[in-house]
Amino acid sequence: QSQELSEAQVDYHAALQALVENGTRMVCTGRMHTDRICRFESLCYSTEAEEFVYFHSNSSVMLPNLGSRRFQPALLDLSSVEDHNTQYFNFVELPAAALKFMPKPVFVPDVALIANRFNPDNLMHVFHDDLLPIYYTMQQFSDLDLEARLFFMEGWSEGVHFDLYKLLSNKQPLLREELKSLGRLLCFTKSYVGLSKITTWYQYGFVQPQGPKANILVSGNEIRQFTKFMMQKLNISLEESSSEEYIVVFSRTINRLILNEAELILALAQEFQMKTISVSLEEHSFSDIVRLISNASMLVSMHGAQLVMSLFLPRGATVVELFPYAINPEHYTPYKTLATLPGMDLHYIAWQNTAREDTVTYPDRPWDQGGIAHLDKAEQERIIKSTEVPQHLCCRNPEWLFRAYQDTKVNIPSLIHVIRQTVKSKPGPRKQKWSGSLYPGKVRDAKCQASVQGTSEAKLAVSWQIPWNLRYLKVREVKYEVWIQEQGENTYMPYILSHQNHTFSENIKPFTIYLVWIRCIFNKNLLGPFADVLLCST
Ligand code: UDP
């Protein structure tokens, strides 16, 4: 590895001089440690101290300059999981003059992205916490291109999905442990530290029970741009016109099993008149799974990380998630949230085993595989009697683990029944037109004209022009919403109108000032912005 780095052309003398003279330069985006990404020149890392080092000199820059707030609690999150106290980034400070007494720096010539992977052995975490955030952090900063190098600082070994991380750049990613062999003091010529959280959709329940993130900012379009990139890197072409439709059952082979899988596969094939195939992470290569899922009409799987692969499904496909006994599907929704992101255009169906006789529990396994033998007898009995796991925080709730690692005999008629409530005829990708939803602009040239009749009646004629972008669009239905508010009141009268003018006479008083708010609505639910408020005096 150390050879790999030193092969690149670094004028060592010039680099060392620049470091001593200029010190470290840092400029960050973001207001809080949870939304901050920092760009550094000459950030160093001591592999002995396992600390990043910031060198002060006459030319160094530190923005934001937080003083000791840098430790409250940290400068930034190294992983995309928000505010997790094992994922904080900081550096220690030294004067550049101290370099005289330190090991000779080894310079990293590549532009570096320095981050933590959160849980590289779990496929959901790999995609949601690492791959998507790394991909879009790289999209955010133009010098993080395919020649950039990823540095994973969380301290794990490669993990079973390392090949996926390798797809994101042409250079081999480096792990914290490997840095030691490169030198005692590494200095990154140019680096970015931290990951964008803009694509994450789920919080795992560290401070409140798990659920969708409060403010989701990603849509199916960005997910699919990412999967398109991954499929290109995996050399998988999208078979546009593949004729045969089929169902994929994604099975687990170690735990949380479907006990009657053969029967399930036959029943699905018969019910939907489609070939039904089964895949598993243990028996298929990742590329083969992606190739199969990317053309499937339906993906059926037990709740679990393998379901994150639904991000490779084609638009219009159906995700069927099976939940073991006593696990309320509404409380564990990482895959439902993914499937129902705006623009993902997937159908989502949850089925839960509600029959105690169809579940197989493992009370005697180790606690991390759901065993409960270590609990006191009363607690064991309560858990065994319980019909639903109460909501809980991550990650070691024994009742949750006990139920999550049950095997299930799927009740086929009940499963087919819930699928049929959503999938009426044949499941699967319809040849859809681009259904991207575009929002109207502001209405233009709004005007009002008042007329007063006598001392108690008045009318307000309001007119406006269509939004500028409408003339370039084909829109099924265009409506306008008008709010009329008497100045100084905090209530208003709302109207939905089809034309570009209307004369209001209801509740319009003479010698009064009205505020008129107008916005355009496409296809019932695409609400545009309000135009500047119109002041109308009767
Ligand atoms: N896994 C698997 N087959 C199994 C059990 C687990 O492929 O029989 C994978 C699973 O998809 C995930 C990882 O192993 O990527 C860890 O699984 P775990 O049950 O711990 O997590 P969960 O699936 O509940 O998120």
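The values are calculated or read from the model by the stated rules, or taken from the named source; none is laboratory data. Keep in mind the model is a prediction, meaning the values are calculated, not measured. So basically every Cβ, Gly included, is an ideal-geometry build from the backbone, and we count neighbours across all protein chains shown. Areas reflect the complete protein model, heavy atoms only, side chains present, ligands, DNA and RNA absent. Shrake-Rupley method; radii C 1.70, N 1.55, O 1.52, S 1.80 Å.
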Q.
Please go through region 385-409 and give me each residue that is within 14 Å of the ligand (Cβ to nearest atom) and either in a loop (DSSP other than H, G, I, E, B) or of a type in the set (Phe, Trp, Tyr) (or both), ordered by number.
A. Val389, Cys394, Cys395, Arg396, Asn397, Trp400, Phe402, Tyr405, Gln406
Q.
Can you tell me which condition Thr86 does not meet? The list is (1) of a type in the set (Ser, Thr, Tyr); (2) assigned to a loop (DSSP other than H, G, I, E, B); (3) in contact with a helix residue (DSSP H, G or I) (Cβ under 8 Å, 6 or more places away or on another chain); (4) under 30 Å from Pro212 (Cβ atoms), and all the others hold.
A. (3)
Q | Near pairs, Cβ below 6 angstrom, 6+ apart or cross-chain, from region 328-356 (closer than 22 Å to Phe402 by Cα and open to solvent by 10 Å² or more (accessible area, probe 1.4 Å)) to any residue that is of a type in the set (S, T, N, Q) and not in a helix (DSSP H, G or I) | A | Pro329/Gln352; His331/Gln391
Q) Can you find a residue in region 483-501 that is in contact with an Asp or Glu (Cβ under 6 Å, 6 or more places away or on another chain), more than 30 Å from Ile247 (Cα to Cα) and among the aliphatic types (A, V, I, L, M)? A) yes
Q. Of all residues in region 31-44, which are surrounded by fewer than 22 Cβ atoms within 10 Å (Cβ to Cβ) and closer than 17 Å to Ile134 by Cβ?
A. Asp35, Arg36, Ile37, Arg39
(Q) Looking at Ser68, Ser57, can you tell me which residue is touching a helix residue (DSSP H, G or I) at 6+ places or on another chain (Cβ under 8 Å) and either touching a residue at least 60 places away in the same chain (Cβ under 8 Å) or small (Gly, Ala, Ser) (or both)? (A) Ser57
Q: Could you give me the residue pairs with C-beta distances under 9 Å whose first residue belongs to region 154-168 and is at positive phi, whose second residue is among the aliphatic types (A, V, I, L, M) and within 16 Å of the ligand (Cβ to nearest atom) wherever it lies, and which are 6+ apart or on separate chains?
A: Gly159/Val126
Q: Tell me which of these Met309 doesn't satisfy, since it passes every other one: (1) open to solvent by 10 Å² or more (accessible area, probe 1.4 Å); (2) in contact with a helix residue (DSSP H, G or I) (Cβ under 6 Å, 6 or more places away or on another chain); (3) closer than 18 Å to Leu123 by Cα.
A: (1)
(Q) So Gln380 passes all but one of these: (1) surrounded by 16 or more Cβ atoms within 10 Å (Cβ to Cβ); (2) under 23 Å from Ile419 (Cβ atoms); (3) among the polar types (S, T, N, Q). Which condition number does it fail? (A) (2)
Q: Give the number of residues within region 480-517 that are within 26 Å of Pro342 (Cα to Cα) and in contact (Cβ under 8 Å) with a residue 40 or more places away in the chain.
A: 2
Q) What are the residues in region 363-377 that are open to solvent by 20 Å² or more (accessible area, probe 1.4 Å) and away from the ligand (no atom under 16 Å from the Cβ), if any? A) Pro363, Asp364, Ala373, His374, Leu375, Asp376, Lys377
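With a cut-off of at least 3 residues that are touching a residue at least 12 places away in the same chain (Cβ under 8 Å) and within 16 Å of the ligand (Cβ to nearest atom), name the strands (runs of 3 or more DSSP E) lying wholly within region 221-315.
Numbers: elements: 246-250, 275-279, 298-302.
Filter on region 221-315 gives 246-250, 298-302.
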Q. Out of the residues in region 55-98 that are open to solvent by 30 Å² or more (accessible area, probe 1.4 Å) and charged (D, E, K, R), which is nearest to Tyr136 (Cα to Cα)?
A. Glu82
